[in-house]
Amino acid sequence: MNKNGAKISDIILRTENLGRTVPAESSSRVVIDSISFEFHRGKIYTVVGPSGSGKTSLLRLFNRLDEKSRGEVYYENRRIAEYAVTDLRRKIALAFQIPYLFPGTVASNLSYCCPDQTVPDDSSLARYLKLVGLEEELAGRDSEKLSVGQKQRVALARALVQEPDILLLDEPTSALDPGASRTIEELITNLNNELQLTIIMVTHNFRQALRLNGVSLVLVDGKLIESGDSKALFTNPENDLTRRFVKGELR
Amino acid sequence: MIETGFVEVAIAVSLMVLAVILSRWQRVGTEKELIIGTIRSFVQLVAVGYALEFIFDLENIFALLGTLMIMILIGSHTASRRAPGIPRVRMISFLAITAGSTVTLGLMLATGIIQAKAQYFIPLGGMTVGNSMNCSALVMERLHSEVTGNRLAVETALSLGKNWRQAVDTFFRKAVKAGMMSMLNFFKVVGIVTLPGAMTGMILAGAPPLKAVFIQIIVGYMITAAVTVTGIVTAHLTVRQMFTSADQLKI
């Protein structure tokens, strides 16, 4: 792969003046304001910013859980509206901040996306569990009897069963203690390495972005104010708002 | 049979006079409302009596259908007010109640169980529409609360590549069941705990009990069929309104 990502084929997802406005009490509110960005295949991206800056809203536009108001999103160089939305969501998988597991066993949750196929069979089931650092024996366990950390991993594995090209993660560690957060961070790095998966993760914690060591996008009030290599960006921010965010002045 | 002449009505009015005197003496402060209420209900009920006398003389099928249509319009308006937050709610309940009433009343007419006479058509229509109205309101209310209360479950299913119909399947069934519950409960206790209205009315008016029972059975099954059709149609139309054409939850 070209490290600078100059080739068009390296761009897996691209936004162009992307905007979303939602109706508010008396008028309307701009939640995403004219964002243009290129996401390259196989990299880790972190979307960072204070709460209410539009991070989650941005993710939800990528798999069309919400509809854009302006601009465009291109996946593999085609407008996302050109794909059947159910196919698009399998290719661009999303794991929510709070993992929701359907009633039933871990195994039934893993096969939720494709019940008409016999995929995953026992061996691939074990493989997916292993990918997220869970024991094979967990497959038969009732989904309600898992810890929050285990639920988060099962939700991740469930998203991976669809064999997505892009994995969207919405603050996957927000409900976890620091120790469990670190192991999830390692897991994310491993997934990126092993599966060559493009990962776009939302976090309010810039230190997490530093640890994941990818490319960061800083969002404030729905605007992309700065982006670039996480280490360089957060150790030496150019934008004043980024600087204030790093100092903890913006929450 | 209970006599219903001017003397009997006058005696009933004297009971209201007694109520006014009691209210004044005990300073309850409701005498003004009692007097207005007495006059008002007298005028309204007598007016309705004349209207029914007039309608009962109708043998014109169009006049009967027109009356039924007015009942459905009022019923759907009432049902829609109980389920705000659903787009096109009035249209949904109107179509659903019309479907339920048309199917059952139509079948009863076609098989000759009832004749196209106001005497049968209007009371049965009223009962059908009334019960369908309650069912429609319940189904919409329940669907709305289930889906908004389980947003994460619905959007998780969507994110895993399910379409809108699959994503709300559980809630759809719960809501239809809730709408039919009063009829299902009615079957359990009818004749043991409760004596239903139509039957009681017929017995009070002097009909032989067994005849009253058979009429009640016909009415009961007819209403149940109407309620079932209304519930299912309501649920289908309501669910459709909750999603955009791109399978995005919009409520």
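Any residue at all in region B:8-23 that's touching a residue at least 40 places away in the same chain (Cβ under 8 Å) and surrounded by 11 or more Cβ atoms within 10 Å (Cβ to Cβ)?
no
Scan region A:53-82 for residues that are part of a loop (DSSP other than H, G, I, E, B) and either over 21 Å from A:L191 (Cα atoms) or more than 10 Å from every other protein chain (Cβ to nearest Cβ) (or both) and jot them down.
A:S53, A:G54, A:R64, A:L65, A:D66, A:E67, A:K68, A:S69, A:E76, A:N77
Checking B:S76 against (1) in contact with a helix residue (DSSP H, G or I) (Cβ under 6 Å, 6 or more places away or on another chain); (2) in the same structural domain as B:V227 (by TED's automatic domain parsing); (3) open to solvent by 60 Å² or more (accessible area, probe 1.4 Å): exactly one of these is not met. Which one?
With (1) in contact with a helix residue (DSSP H, G or I) (Cβ under 6 Å, 6 or more places away or on another chain); (2) in the same structural domain as B:V227 (by TED's automatic domain parsing); (3) open to solvent by 60 Å² or more (accessible area, probe 1.4 Å) applied to B:S76, the lone miss is (3).
From the list A:D165, A:D142, exactly one residue is within 14 Å of chain B (Cβ to nearest Cβ) and within 23 Å of A:S124 (Cα to Cα). Which is it?
Every option except A:D165 fails the conditions.
Between a residue in region A:83-104 that is within 7 Å of chain B (Cβ to nearest Cβ) and any residue that is open to solvent by 30 Å² or more (accessible area, probe 1.4 Å) and not charged (D, E, K, R), which pairs come within a Cβ distance under 8 Å, given they are 6 or more apart or on different chains?
Correct list of pairs: A:T86/B:N163; A:F96/B:L152; A:I98/A:A175; A:I98/B:L152; A:Y100/B:L152.
Tell me, which helices (runs of 4 or more DSSP H) lie completely within region B:104-171 with 3 or more residues that are on the phi < 0 side of the Ramachandran plot and under 23 Å from the mean Cα position of the chain (by Cα)?
B:118-149
Between A:D170, A:D121, which is within 14 Å of another protein chain (Cβ to nearest Cβ) and either touching a Pro at 6+ places or on another chain (Cβ under 7 Å) or of a type in the set (D, E, K, R) (or both)?
After applying the criteria, what remains is A:D170.
The values are calculated or read from the model by the stated rules, or taken from the named source; none is laboratory data. Note that the structure is a prediction, hence the values are computed from the model and not measured. Glycine also receives a Cβ, built like all others from the backbone with ideal geometry; neighbour counts cover every protein chain displayed. Areas reflect the complete protein model, heavy atoms only, side chains present, ligands, DNA and RNA absent. Shrake-Rupley method; radii C 1.70, N 1.55, O 1.52, S 1.80 Å.
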